[in-house]
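Notes follow the structure.
The values are calculated or read from the model by the stated rules, or taken from the named source; none is laboratory data. What you see is a predicted model; the values in this text were computed from it and never measured. All Cβ positions, glycine included, derive from the backbone under ideal geometry; neighbour counts span all protein chains shown. Just so you know, the surface numbers come from the protein's heavy atoms only, side chains and all, with ligands and any DNA or RNA stripped out. Shrake-Rupley method; radii C 1.70, N 1.55, O 1.52, S 1.80 Å.
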Amino acid sequence: MTRHLYTKDEVRQLIKDEDVRFLRLMFTDLFGMSKSVDLPISQLDKLLNNKIMFDGSSIDGFVRIEESDMYLYPDMSTWLIFPWGQEHGKVAQVICSVYTIDGEPFAGDPRNNLKRIVAEMKAAGFTNFNIGPEPEFFLFKTDEAGKPTMEVNDQENYFDMEPADRGEDCRRDIVLALEKLGFSVEASHHEVAPGQHEVDFKYADALEAADNIQIFKMVVKTIAKQYGLHATFMPKPLSGVNGSGMHMNMSLFTEQGNAFYDAADANQLSTTAYQFLAGVLAHVRSLTAVCNPTVNSYKRLVPGYEAPVYVAWSASNRSPLVRIPGSRGLSTRLELRSVDPSANPYLAIATILAAGLDGLKQQLTPMPAVDENIYQMTLAQRRAKGIEDLPDTLHNALKSLAQDEVIKAAMGNHLFDSFMTAKSKEYAAYRLNVSNWERDRYMEKF
């Protein structure tokens, strides 16, 4: 989406021209959940002068109750006006960063943390870290109370089209709403699993890309609700079918252009690209805790459902963890395929970037490319090629994260400590739960 940093006068004129009556201030908590503070338009001047306060102790991973007063500073390049809900006047939204009462960026705000890592990237001589996300989602029917059922909206397959794909109208309205908000939508289609969909939009620099993911999720859920459907970005809502991923296409840029491209190389990849790739591969087991942060994430990361489970890369097939898409020149990029849409996009992008920058700093060399189908290899064949497995549970991913000083530093002490505490509790609660699967399998047998 094309961004413009609106001045105070421009905002006031837009509000007058568009009859905006309400303001929505959006920010993101530790777990990637979008939060908002809604204001009447009479509070505009307070917003424009960074005077809007809220209780940070009520937000997951923020602060204790005795440190609760916090400020929301709007990023006026994220200003947008919703194309729906206009019966009482239009609603405008702006994404905010969180600041302390002393006027300092709050270290527990994932958006501030991403800004910090981007600043480190720029200090290393790069201008942009472009991210093209591919978030997938499921559409489920709802019951009379508006709660999601386990019945998907269709029984179709990859690229199926109307009339078989009954999500077509909903998906089309999602695209139209996104375009009204300034997104450049490149494609939308039905995914492999019944009820599963994907909408691809144009890449953007790291911070804008993370903001766009949050706006995208909000739009998808809003439009789905208008159709009596529930949209979920849960990684694996159904057994026996593919889960939802959020592949991350990424490239570093300098003033001279795409730093990942080198026409003279056999793969047309630069030394920068190889070293960045090596950094991602070196840290990917700990990255998995951040990029696949739920117990459910690991129901997707299993063989047989197209999700990557082995640490490898290739320029010619889709089974490895990192793929090099065919486009070159300005479009040269790496595609990390393990990330899922339950990830906090600010944390995921920050840690991926930090891993790649560490590869550059350490001048790492990636393992040789693996061009065979890894899913058909034996364990011995994988070991002979040095192919590791990704963590198979949230618990194992957290153990890897706890030992990785680079990724811990990329999160900062506040976010890391809060994340580890919360996710360890989440896994402990999961271990204590007895599932229907266990009862069905063992109740009568033993």
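In the distance distribution for the stretch 285-421, Cα-Cα pairs more than 20 Å apart total 49 percent. The string of couplings for the stretch 4-10 from the Karplus curve (6.51, -1.76, 1.60, θ = phi - 60°) is 9, 7, 6, 7, 4, 5, 5 Hz, one whole number per residue in order, with x for Gly and Pro.
Applying 0.36 nm per residue to the separation of Arg12 and Glu179 and subtracting their alpha-carbon distance, the gain on full extension is 57.8 nm. A convex hull fitted around the alpha carbon atoms of the stretch 254-349 yields 105 Å³ per residue. Once the C-beta distance of Ala187 and Lys122 is scaled by a Förster radius of 25 Å, the resulting FRET efficiency is 0.20 to the nearest 0.05. Look at where the Cα atoms of the stretch 413-437 and of the stretch 105-140 average out, and the two centres are 24 Å apart.
On a C-alpha basis, how far is the centre of the stretch 359-404 from the centre of the stretch 192-238 in Å? Whole number, if you could? So the two Cα centres are separated by 29 Å. Note on the stretch 76-138: Kirkwood hydrodynamic radius from all Cα pairs is 15.1 Å, rounded to one decimal. The listed peptides 45-51, 398-404, 254-260, ordered by packing as a protection proxy, come out as 398-404, 254-260, 45-51 (highest mean of other Cβ atoms within 10 Å first). How high is the FRET efficiency between Thr365 and Ala264 when r is their beta carbon distance and R₀ equals 25 Å, given to the nearest 0.05? So, using R0 = 25 Å, E works out to roughly 0.90.
Put a dot 7 Å past the Cα of Phe446, heading toward its Cβ, do the same for Tyr430, and the two dots end up 2.1 nm apart. When you count the other C-beta atoms within 10 angstrom of each residue and take the mean per peptide, 276-284, 262-270 line up highest first as 276-284, 262-270. Ordering of 119-125, 295-301 by packing is 295-301, 119-125, highest average first (other Cβ atoms within 10 Å, averaged per residue). Dividing the Cα radius of gyration of the stretch 342-387 by 2.2 N^0.38 Å, with N the residue count, gives 1.59. Rolling a 1.4 Å probe over the heavy atoms of the protein chains gives the stretch 194-266 an accessible area of 34 Å² per residue. Of the Cα atoms belonging to the chain, the radius of gyration and Dmax stand at 22.2, 73 Å. Using a probe of 1.4 angstrom and keeping all protein chains present, the accessible surface of the stretch 282-343 works out to 28 square angstrom per residue. Solvent-accessible area of the stretch 4-132 (1.4 angstrom probe, protein heavy atoms only): carbon and sulfur portion equals 49 percent.
For the stretch 201-241, the equivalent ellipsoid built from the Cα gyration tensor has semi-axes of 23, 16, 7 Å, listed from largest to smallest. Projected label points at Asp69 and Gln381, each 7 Å from Cα along the beta carbon direction, are separated by 6.5 nanometres.
Over 28 Å apart at the Cα level, from the set Lys180/Lys423; Lys16/Lys147; Lys35/Lys225; Lys115/Lys217, are Lys180/Lys423; Lys16/Lys147.
Surface composition of the stretch 348-446: carbon plus sulfur atoms contribute 49% of the solvent-accessible area (1.4 Å probe, protein chains only, all chains present). The accessible surface of the stretch 259-333, taken with every protein chain in place and a 1.4 Å probe, is 48 percent carbon and sulfur. In this structure, the amide hydrogen of Ile52, modeled 1.01 Å from its nitrogen in the peptide plane, lies closer than 5 angstrom to those of Leu72, counting only residues at least 5 positions away or on a different chain.
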